[in-house]
Amino acid sequence: MMRLTVVSLLALALSAAPARAQETWNIDSGHSAAHFAVRHMLVSTVRGDMGPVKGTVTWDGQDVRTVRVEAVIDVTGVNTRHEGRDKDLRSANFFEVEKYPEMTFTSTRVADVTDGGFTLVGRLTMHGVTREVTLDVEGPTPPVKVRNSLRTGATATTTLNRFDFGLNWNRMIETGGLVVSEEVKVTIDLELIQAPPGGGR
């Protein structure tokens, strides 16, 4: 009869341990936002908000490798606090919001876990184009009880090339650089809310 090794016993113990149920957290749109930043004429940075964020995050409450995210951003609400520029961003030059009013993100896996965060990989659909992107996530924060619900938060960052998503408007300045940079830095701040079983918000 084969003797069980320590590793075999540990594997058996882990397989016998009950799996924790997935917890569902809703994105609190009123306290969440998706920001972007691009270089303008090589000399300054223009910042703005993409629009309201909604969706859900599920995980087992302990291991961030179980995190799954479904998020939607309403890009019709893009806002850089400049009316003419915002109108241009909503036009066919960029987001083309009449045809593509939303951008979506669906996570596929957690690629790495770091001290205080993790790397989340998923499919981003924007302007009718879907590509794999990687988000560097800070958090989640320890849950806080507020009235009849729990709240937690996280911040995700990434850098996208707008040309990859068909946002191809382009004009050169005299020195040879682009009026609007190809690279777009994105920061997503999320506040998540969860009502306890049997409780209301």
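Could you give every pair whose Cβ atoms fall below 9 Å, whose first residue belongs to region 40-52 and is under 11 Å from ASP74 (Cβ atoms), and whose second residue is at pLDDT 75 or above and of a type in the set (Asp, Glu), counting only separations of at least 6 or pairs across chains?
Close Cβ pairs (under 9 Å, with a partner that is at pLDDT 75 or above and of a type in the set (Asp, Glu)) amount to MET50/ASP74; GLY51/ASP74; GLY51/GLU102; PRO52/ASP74.
Take the conditions buried (at least 19 other Cβ atoms within 10 Å of the Cβ), outside any strand (DSSP E or B), in contact with a Ser or Thr (Cβ under 6 Å, 6 or more places away or on another chain) and of a type in the set (A, V, I, L, M, F, W, C) and apply them to VAL69. Does it pass?
Values: buried (at least 19 other Cβ atoms within 10 Å of the Cβ): yes; outside any strand (DSSP E or B): no; in contact with a Ser or Thr (Cβ under 6 Å, 6 or more places away or on another chain): yes; of a type in the set (A, V, I, L, M, F, W, C): yes.
Criteria not met by VAL69.
Conditions (1) over 20 Å from VAL133 (Cβ atoms); (2) modelled with pLDDT under 75; (3) touching a helix residue (DSSP H, G or I) at 6+ places or on another chain (Cβ under 9 Å), marked per residue:
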site: THR24; (1), (2), (3): yes, no, no
site: SER32; (1), (2), (3): no, no, no
site: VAL46; (1), (2), (3): yes, no, yes
site: GLY51; (1), (2), (3): no, no, yes
site: THR56; (1), (2), (3): no, no, no
site: TRP59; (1), (2), (3): no, no, yes
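Output the qualifying pairs, or none if there are none: Cβ atoms under 6 angstrom, residues six or more apart or on different chains, first residue in region 174-190 and modelled with pLDDT under 95 and of a type in the set (Val, Ile, Thr), second residue surrounded by 18 or more Cβ atoms within 10 Å (Cβ to Cβ) and in a strand (DSSP E or B).
Once the first residue is modelled with pLDDT under 95 and of a type in the set (Val, Ile, Thr) and sits in region 174-190, its partners that are surrounded by 18 or more Cβ atoms within 10 Å (Cβ to Cβ) and in a strand (DSSP E or B) give VAL180/VAL38; VAL184/PHE36; VAL184/VAL38; VAL184/LEU160.
Which residues, taken from region 114-153, are exposed (fewer than 15 other Cβ atoms within 10 Å of the Cβ), at pLDDT below 95 and either in contact with a helix residue (DSSP H, G or I) (Cβ under 8 Å, 6 or more places away or on another chain) or not aliphatic (A, V, I, L, M) (or both)?
Of everything in region 114-153, those that are exposed (fewer than 15 other Cβ atoms within 10 Å of the Cβ), at pLDDT below 95 and either in contact with a helix residue (DSSP H, G or I) (Cβ under 8 Å, 6 or more places away or on another chain) or not aliphatic (A, V, I, L, M) (or both) turn out to be THR114, ASP115, GLY116, THR141, PRO142, LYS145, ARG147, ASN148.
Go through region 102-132 and give me each residue that's assigned to a strand (DSSP E or B) and among the small types (Gly, Ala, Ser).
Filtering region 102-132 down to residues assigned to a strand (DSSP E or B) leaves 102-114, 117-126, 129-132.
Answer for region 102-132, where residues must be assigned to a strand (DSSP E or B) and among the small types (Gly, Ala, Ser): SER107, ALA111, GLY117, GLY122.
Look at region 73-82 and say how many of its residues are surrounded by 16 or more Cβ atoms within 10 Å (Cβ to Cβ) and outside any helix (DSSP H, G or I).
Final tally of qualifying residues: 4.
The values are calculated or read from the model by the stated rules, or taken from the named source; none is laboratory data. Note that this is a predicted model, so its numbers are computed, not measured. For neighbour counting, all protein chains shown are included, and Cβ atoms are generated from backbone atoms with ideal geometry for every residue, glycine included.
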